[in-house]
Amino acid sequence: MSRKTLALAGCLMMAVGLAAPTAFAHHSFAMFDQSQTTVFRGTIKDFQWTNPHAVIWVINDAKPLATPDVWTIELTSPGNLTRMGWTRHALAIGDKVNVEINPLRDGQHGGSLKKITVLATGAVLTSSLIIPGKP
Amino acid sequence: MSGAFRAGLVAAALVLCGGAASAADDPSGRAPTPQDWAALAALPDWSGVWTPDIEDQFVQARTNVPPWTPKVAGEMKAMAADEKAGRPHGIFQNCLPEGMPAWMLVSHNALEFLFTPGRVTLLGESDGGRLRRIYTDGRAHAADPDPSFHGESIGHWDGEVLVVDTIGVLPETYIATGEALGVPNDGDLHVVERIHLVGPDTLHDDLEITDPHVLAAPWRTTRIYYRHRGRKNEIVEGACLQGSFNEAHDAQGHAVFAPVAQDQGNVVPTPK
């Protein structure tokens, strides 16, 4: 491996390490408990506007910890979200928000988004697996 | 003119005419005429963007279960139990095209129809791999079409109903009733669809799916789509695999996609 390649690999690894830890391929939402709702106030750590599922990472501000309590929250696709009134600029890193999610069944800190409120503006955005059907 | 020479001319003419007739019979080689384009106006209006009725997909999954073979029925029971327990099988996790018939059966994303002379094209959202070419130019199926994700689809208009016959589907594509519930068709899949409006903005796709490897009998089911118009509803480009990459920068500062490890269909959240 050349030095240049090594530098590229190292740089990519660093960038990846600083960004999201996992990928969100096309999958079922059965790992989320649709009968439960978890609500908390937090800060947007990152917002990924990509297919097949957009993703938000939110730091839970209720329990300030030495290691931030980051929740990984999935949404439907950008196309479906656009039909629900979202844009890729709907959330910004650092935004203070209130989130409402269907949590992961296994208790890990993640879920599928139901509703998010941007506290500074009062903007409310919703997401649903069931996209708007009848016009 | 000698008899032999005349016979030769006749034979040559037959060959030539036969060749010409053969070319004329092959609709794929004919350029569309202004009349062909004008004829599109007589077809039903399927413009706009169509979103699937996902709630009805779930209802269908519960109430109109495919007539699986006993072996596959057992496999489906186990898959359903895993999904119910929050351990879904990621059958589309690899981001390959859902293909036929899974796309029509379980997609949560929008699609659009394009009419051109001799063809109806379906384009799906969320992944560029969702694309069906349905030939309505009068051709017959190829004798042995190369298998593909969406197969070889030949259509014709029965009044305002588009009748589509599809064969040549890759054996690995799923017959699915959910994003975590389905089985590969294993080959010899045959799908007949009747696609038609049932209201001003409601479309039905009535499917009859035959598959001797996993179905004990033909399975008939309907999927419902609703029309939307306006800019915010237009299909947006998507690449399913984009979610498998992070936006990063290389050593030169260029924006690049950096692959990240895949999960198994479940979210792997940031550690507590």
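Each reported figure results from applying straightforward, stated rules to the coordinates on display, with no laboratory input. All values derive from a computational prediction rather than experimental measurement. Because the Cβ atoms are built from the backbone with ideal geometry, glycine has one as well, and the counts that use them run over all protein chains shown.
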Order by neighbour count: A:Trp86, B:Trp37, fewest other Cβ atoms within 10 Å first, most last. B:Trp37, A:Trp86
Which angle from 0 to 90°, rounded to the nearest 10, does the C-alpha axis of helix B:3-25 make with the longest principal axis of chain B? 30
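Report the relative contact order of chain B, percent, no decimals, based on alpha-carbon pairs under 8 angstrom and at least 6 residues apart.
So the answer I get is 19 percent.
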Under the classification rounded if a/c is under 1.5, otherwise prolate if a/b is larger than b/c and oblate if not, where does the stretch A:25-135 fall, given a ≥ b ≥ c as square roots of the Cα gyration tensor eigenvalues? oblate
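Taking 0.36 nm per residue of separation and subtracting the Cα-Cα distance, what length does fully extending B:Lys71 through B:Glu55 add?
Length gained between B:Lys71 and B:Glu55: 3.0 nm.
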Which value in deg cm²/dmol, rounded to the nearest 500, describes the helix-derived mean residue ellipticity at 222 nm for chain B, given -39,500 (n - 2.57) per DSSP H run of n ≥ 4 and division by the residue count? -6500 deg cm²/dmol
Within the set B:Glu152, B:Glu172, B:Glu193, GNM on chain B using Cα springs under 10 Å gives the largest fluctuation to B:Glu172
Please tell me which of these pairs span more than 23 angstrom C-alpha to C-alpha: A:Lys114/B:Lys84; A:Lys63/A:Lys96; A:Lys115/B:Lys232; A:Lys45/B:Lys232; A:Lys63/A:Lys115? A:Lys45/B:Lys232
Within-11-Å neighbourhood charge of B:Gln57 [Cβ basis; K, R +1; D, E -1]: -2
Amide proton proximity set for A:Ala123, modelled H, under 5 Å, gap of 5+: A:Val118
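Sort B:His150, B:His141 so the one with the fewest other Cβ atoms within 10 Å of its own Cβ comes first.
Ranked by crowding around the Cβ, least crowded first: B:His141, B:His150.
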Just want the ordering: B:Ser28, A:Ser35, A:Ser28, B:Ser148, from fewest to most Cβ atoms lying within 10 Å of their own Cβ. A:Ser35, B:Ser28, B:Ser148, A:Ser28
With everything on Cα atoms, drop me the angle between helix B:54-63 and the longest principal axis of chain B, reported from 0 to 90° to the nearest 10. 90
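Calculated FRET efficiency, A:Thr67 and B:Arg194, Cβ-Cβ r, R0 56 Å, to nearest 0.05?
Here the calculated transfer efficiency is 0.45.
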Where is the GNM fluctuation largest for chain B (alpha-carbon springs, 10 angstrom cutoff): B:Thr166, B:Thr51, B:Thr63? B:Thr63
Whole-Hz Karplus couplings 3J(HN,Hα) for the stretch A:84-93, θ = phi - 60° and coefficients 6.51, -1.76, 1.60, Gly and Pro as x, run 9, x, 7, 9, 6, 9, 4, 10, 10, 4
Angle between chain B longest axis and helix B:70-84 axis [Cα atoms, degrees, rounded to 10]: 40
